[in-house]
1. Run residue 275 past the list (1) touching a Phe, Trp or Tyr at 6+ places or on another chain (Cβ under 6 Å); (2) under 28 Å from residue 534 (Cα atoms); (3) within 14 Å of ligand 2 (Cβ to nearest atom); (4) of a type outside the set (S, T, N, Q) and report the number of the one that doesn't hold.
2. Restricting to the stretch 344-392, what's the tally of residues that are among the polar types (S, T, N, Q) and within 15 Å of ligand 2 (Cβ to nearest atom)?
3. Mind checking which residues of the stretch 111-143 are open to solvent by less than 30 Å² (accessible area, probe 1.4 Å) and part of a loop (DSSP other than H, G, I, E, B)?
4. Might you let me know whether the stretch 272-281 holds any residue that is modelled with pLDDT of 95 or more, away from ligand 1 (no atom under 12 Å from the Cβ), open to solvent by less than 10 Å² (accessible area, probe 1.4 Å) and of a type in the set (Ser, Thr, Tyr)?
5. Can you tell me how many residues in the stretch 327-338 are free of Cβ contacts under 8 Å to residues at least 40 places away in the same chain and aliphatic (A, V, I, L, M)?
6. Can you list residue pairs whose Cβ atoms sit under 9 Å apart, with the first residue in the stretch 368-391 being closer than 21 Å to residue 76 by Cβ and the second being open to solvent by less than 10 Å² (accessible area, probe 1.4 Å) and assigned to a loop (DSSP other than H, G, I, E, B)? Count only pairs 6 or more apart in sequence or on different chains.
7. Just give me the residues in the stretch 486-500 being touching a helix residue (DSSP H, G or I) at 6+ places or on another chain (Cβ under 9 Å) and β-branched (Val, Ile, Thr), in sequence order.
Amino acid sequence: MTTAELERPALTPHPVERTGIVDYVTTTDHKKIGLLYIFSGLAFFILSGILSLFMRAELTVPGLQFLDRGTYNQLFTMHGTGMIFFFAAPVAIGLANYFIPLQIGSPDVAFPRVNAFSYWLFLFGALTAFSGFLTANGAAAFGWTGYAPLSDTTWSPGTGANLWIMGLIMTGTSGILGAVNFIGTTFTMRAPGMTMFRLPVFTWNILVMSLLIMLTFPVLTSALAMLFIDRTLGGAFFEPAQGGSAILWQHLFWFFGHPEVYILILPFFGIVTEIIPVFSGKRVFGYRGFVFATMLIGALSFSVWAHHMFTTGVVSTLFFAITSMMIAIPTGVKFFNWIATMWRGRLRFATPMLFSIGFLFMFLVGGITGPFLASPAIDYAVHDTYYVVAHFHYVLFGGSVFAAFAGFYFWMPKMTGRLLSERLGRWHFWLMLIGMNLTFFPMHQLGLDGMPRRVADYPAGETAWTDLNILISVGATILALSIAIFALNVVLSVFMRRGAVAANDPWGGYSLEWWTTSPPPHHNFTSLPPIRSERPVYDARRHETDPGPPNG
Ligand code: HAS
Ligand code: CU
């Protein structure tokens, strides 16, 4: 190997290209589109979070104080819709947009114009759904699951529901186009030497996520189209009185909806799998195990949908209980691999690692309540109670959100050229950890005590419920505070440029994004190191300090 091959780009930050708003509107650069996705996703995170604070204000004590029941229904519907469709998936897609081309050594994604189109379709779709709040009857109010017959015109008259359907059809189409792009990019744009089994695990997980999107989003989109026909053209797909089937909606929705929950976690598994090895000073334990476990989770996720429908009485509880519990096996493989990666490593507890470890503990709590819910006998007791709310917030907040923040602290320096403040980052982490547990842990107890989900009020006689609800609202306030600290951190460190200037590789990273400048130039790379393993930058760094035998 020649020294020229090993020559790294200058260690000074790349002069940030001065870009105006117009440039972001017309761009087809995957990095700018990635940033657009990330910042729009974060905006919807804050918006949907504010909706939940209104719900917490209402639920703190019994009696209706601020909201009427109808408004409350709109709030939880748009909270769930916003968090799942407009925040969690888009932020993952944004990070994937930014980092997949970098991680595989490519100048851009396979279809840059389609990529720009996907982003704008997503943004306008999300705004369309939220615009329901501006209509006479308000926004959709039947939950993010849109169950029939609640979503028909008798129960949900008005334009808000139609806007919700249209919005989701748009964001769903955007997701499909995004998935096509990631699959095309990963299969066709890899740098020489970047074989499939040298792909960073994040890229692998996005690939599997994309396959899940390709196979399930069309199902949701079709169901939504059918619902739209029922509502506006006199169709009767989901109207039993006219020969339709309400349960059909649930089958279609959950055939999409259960793989969707893995769409919402696989990218974030990928992020922590990038971070833990770097901050443990070791290579990832069981690389192939991770990849195959991801594939197995993806495949199994198509066979479990009816665990959301146990109490309908029309599904085989035994079959779906067994398949659901089997998912614990590949997930458990990942857990043991994460722990083995840290085992005897030289651990560094910088913020990305703190959030990753927070993820491990919190996701574990949420994951473990999964098999409980997958046991039909238990599910019959706790279905539609706060126990389910506790489960999915531990996996989605404790899992996806913790890992997303791990990713932000890890990659923000690469995207912006500035490191976020570690001090504010630690405040953010600890407050979020405390707030999250105060908010969501008591919900297990509330659920076991029988408090139903999706209600604006509860009886004043249930004093235990009131105590727990007060605790939960205190927790939610702490959570909101922690997010405000993160926002402050971004404003101070990035926008006001107070953060330390990031070198190419501030953490001692392994994958190719750490080879180029922070932020990378328009076409990403001026040179690439030889790619001989899944961590080429680490190999090159080793080679610089110890070049080995000549010509070696
Ligand atoms: Fe879930 C409901 C079952 C993972 C998200 N889930 C939801 C909802 C959401 C959601 C959003 O079977 C509510 C939807 C709504 O609005 O109605 N879930 C599971 C199972 C797993 C699981 C079995 N869920 C997730 C992930 C999510 C997510 C990931 C998003 C990120 N979930 C259910 C069921 C319902 C449900 C029912 C319906 C409830 C109802 O009544 O409505 C698994 O993938 C979890 C696997 C992970 C672990 C932890 C790590 C594994 C280790 C290995 C050893 C563990 C073993 C198990 C051997 C298990 C460490 C030991 C078993 C013991 C019982 C101790
Ligand atoms: Cu499920």
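The values are calculated or read from the model by the stated rules, or taken from the named source; none is laboratory data. As the structure is a computational prediction, the values presented were derived from the model and not from experiment. Because the Cβ atoms are built from the backbone with ideal geometry, glycine has one as well, and the counts that use them run over all protein chains shown. With ligands, DNA and RNA removed, areas are computed over all heavy atoms of the protein, side chains included. Shrake-Rupley method; radii C 1.70, N 1.55, O 1.52, S 1.80 Å.
1. Evaluating residue 275 over (1) touching a Phe, Trp or Tyr at 6+ places or on another chain (Cβ under 6 Å); (2) under 28 Å from residue 534 (Cα atoms); (3) within 14 Å of ligand 2 (Cβ to nearest atom); (4) of a type outside the set (S, T, N, Q) leaves (3) as the failure.
2. 2
3. Listed by number, the residues that qualify are 138, 139, 140, 142, 143.
4. Scanning the stretch 272-281, I find at least one residue that is modelled with pLDDT of 95 or more, away from ligand 1 (no atom under 12 Å from the Cβ), open to solvent by less than 10 Å² (accessible area, probe 1.4 Å) and of a type in the set (Ser, Thr, Tyr), so the answer is yes.
5. The total comes to 1.
6. Here the result reads 385/451; 386/451, each pair linking the stretch 368-391 to a residue that is open to solvent by less than 10 Å² (accessible area, probe 1.4 Å) and assigned to a loop (DSSP other than H, G, I, E, B).
7. 490, 494
Condition check ((1) in contact (Cβ under 8 Å) with a residue 60 or more places away in the chain; (2) assigned to a loop (DSSP other than H, G, I, E, B)) across all residues:
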residue: 41; (1), (2): no, no
residue: 47; (1), (2): yes, no
residue: 64; (1), (2): yes, yes
residue: 74; (1), (2): yes, no
residue: 77; (1), (2): yes, no
residue: 80; (1), (2): yes, no
residue: 84; (1), (2): yes, no
